[in-house]
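The values are calculated or read from the model by the stated rules, or taken from the named source; none is laboratory data. Just so it is clear, the structure is predicted and the values come from calculations on it, not from any experiment. Neighbour counts are summed over all protein chains in view; Cβ atoms, including those assigned to glycine, are modelled from backbone coordinates with ideal geometry.
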Amino acid sequence: MPSSRRDLLKILGIGIATGMATGSAAVPSVQTNSSPIRLDNNESAYGPSEKVVEAVRLAATEANRYPGAGVYELAERIAKSHNVSRGQVILGAGSTEILRMASCAFLGAGKQLVQPSPTFPALEFYARSSGAEVISDPLRRSGYHDLDAMLAHSGASTGLVYICNPNNPTGSITPRADLEKFISLLPSSCCILIDEAYHEYARPSSLYASFVDQPLQDPRIIVTRTFSHAYGLAGLRVGYGIASADVALRMRAFATADDVGTITVRAAIAALDDTASLQEVVKRNTDDHQEFQNSARSRSIKPLDSHGNFVAFDTFNPANMIIQHFRSNNVLIAPVSLAWDTWIRVSLGKREEMRAFWRTWDTLPIDKSAIRH
Ligand SMILES: Cc1ncc(COP(=O)(O)O)c(C=O)c1O
């Protein structure tokens with residue numbers, strides 16, 4: 001089991017290796033003797049809301065207690081907010097744990113995972129660990145999932161089909177109408193896991209609708225959500241899945257006992273109650289995107305249209321070299337995938353962090369005229 005998301009990416013061969021050959025000339029560091037600027041994990045740059053911090057403070061005195069009834073309270077709170085029964089809610093230590101449970105329940109030797117590529121790699125990792133075969137269908141140029149290819153590759157031994165919407169690392173959304181048609185044509189024996197980790201950031205559009213908010217009433221569908229991004233709770237590890245009661249039961253059999261801690265439960269409930277802060281987060285993300293676009297445009301960079309708190313774009317240069325240049329300037333950014341080897345993904349940070357990003361970009365020893373669209 002990898003000890004961190006970075007390790008997990010490395011194991012899958014798409015991580016940024018420290019000490020990778022850089023080819024980049026040394027430039028003055030934009031931030032010295034301090035912790036790095038983290039634009040590599042899509043964490044919230046702004047942290048949890050004040051109300052959540054207060055809930056964490058209060059709960060700290062209960063840290064000696066197992067979470068107990070608090071977990072049921074959180075599941076009940078989530079169930080109410082989505083108009084489902086508590087039995088349909090699967091809690092986990094981040095939505096990564098929900099992905100692991102799905103893999104344990106529906107994959108294994110002789111089974112297949114069908115997924116887009118590039119996408120968030122955790123399910124692929126767990127699928128491979130289980131002995132399942134992984135079929136990865138490249139995204140279309142628009143960033144949409146190639147649903148025709150995914151359908152063609154789904155058959156009797158397909159245990160899970162993974163849809164990541166909005167998709168990480170591209171931020172792209174795949175239209176709801178296309179997804180509905182696709183799901184209706186999939187074999188009745190497979191489950192469809194729809195990862196909505198970035199749902200809160202998805203801009204209102206006729207193309208996008210959450211499968212929790214507008215359910216299909218299809219017992220094969222599992223939707224996952226997380227408190228790690230828009231709610232700013234990545235370090236507390238809490239996420240959830242919504243599924244039919246039967247599927248939820250099958251998945252819960254693989255949960256780690258007491259996976260969601262006492263303080264985490266209180267923080268998650270406070271986060272759900274603090275709707276005003278969530279609205280602010282979404283608004284700020286829109287502004288951050290706009291600022292990024294402005295800075296990118298002035299440098300002829302054309303990022304993909306992103307519905308997340310991050311942006312991916314083609315640098316037309318080796319991504320490894322670019323990432324290493326940023327790293328040596330104390331700014332962490334992420335690769336997109338082995339196949340998209342000139343692309344980088346940048347999580348949106350605070351204004352001063354983004355200034356450091358652009359300062360570092362401007363010192364890159366590359367031919368910027370190669371960035372033409
Ligand atoms: C698409 C997607 N799904 C799931 C996760 C896992 O998040 P967590 O385990 O923190 O809930 C991430 C994290 O970056 C993600 O990008």
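Which numbered condition in (1) under 24 Å from the mean Cα position of the chain (by Cα); (2) more than 25 Å from ARG284 (Cα to Cα) is the only one that PRO335 fails?
Every condition holds for PRO335 apart from (2).
A quick yes/no check of all residues on (1) out of contact with any Gly (no Cβ under 8 Å at 6 or more places or on another chain); (2) in a helix (DSSP H, G or I):
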{"site": "ALA276", "(1), (2)": "yes, yes"}
{"site": "ARG284", "(1), (2)": "yes, yes"}
{"site": "LYS302", "(1), (2)": "yes, no"}
{"site": "ASP305", "(1), (2)": "no, no"}
{"site": "GLY308", "(1), (2)": "no, no"}
{"site": "TRP340", "(1), (2)": "yes, no"}
{"site": "ILE344", "(1), (2)": "yes, no"}
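Residue under question is TYR201, and the condition is that it be in contact (Cβ under 8 Å) with a residue 60 or more places away in the chain, within 16 Å of the ligand (Cβ to nearest atom), touching a Leu at 6+ places or on another chain (Cβ under 9 Å) and more than 23 Å from PRO138 (Cβ to Cβ); does it hold?
Criteria not met by TYR201.
Which is outside any loop (DSSP other than H, G, I, E, B), more than 10 Å from the ligand (Cβ to nearest atom) and either surrounded by fewer than 23 Cβ atoms within 10 Å (Cβ to Cβ) or in the same structural domain as GLU97 (by TED's automatic domain parsing) (or both), of VAL212, VAL265?
VAL265
As an exercise: evaluate THR363 against (1) over 21 Å from the mean Cα position of the chain (by Cα); (2) within 14 Å of LEU39 (Cβ to Cβ) and give the number of the one condition it does not meet.
(2)
I need the full set of residues from region 123-159 which are in contact (Cβ under 8 Å) with a residue 24 or more places away in the chain and either hydrophobic (A, V, I, L, M, F, W, C) or not assigned by TED's automatic domain parsing to the domain that holds VAL247 (or both), in order please.
LEU123, PHE125, ALA127, ALA132, LEU139, LEU147, MET150, LEU151, ALA156
When you look at LEU207, is it free of Cβ contacts under 8 Å to residues at least 60 places away in the same chain, surrounded by fewer than 20 Cβ atoms within 10 Å (Cβ to Cβ) and under 26 Å from ARG284 (Cβ atoms), yes or no?
Yes; evaluated as a whole, the condition is true for this residue.
Scan region 71-99 for residues that are outside any helix (DSSP H, G or I), small (Gly, Ala, Ser) and either within 16 Å of the ligand (Cβ to nearest atom) or closer than 18 Å to LEU236 by Cβ (or both) and jot them down.
Result: GLY92, ALA93, GLY94.
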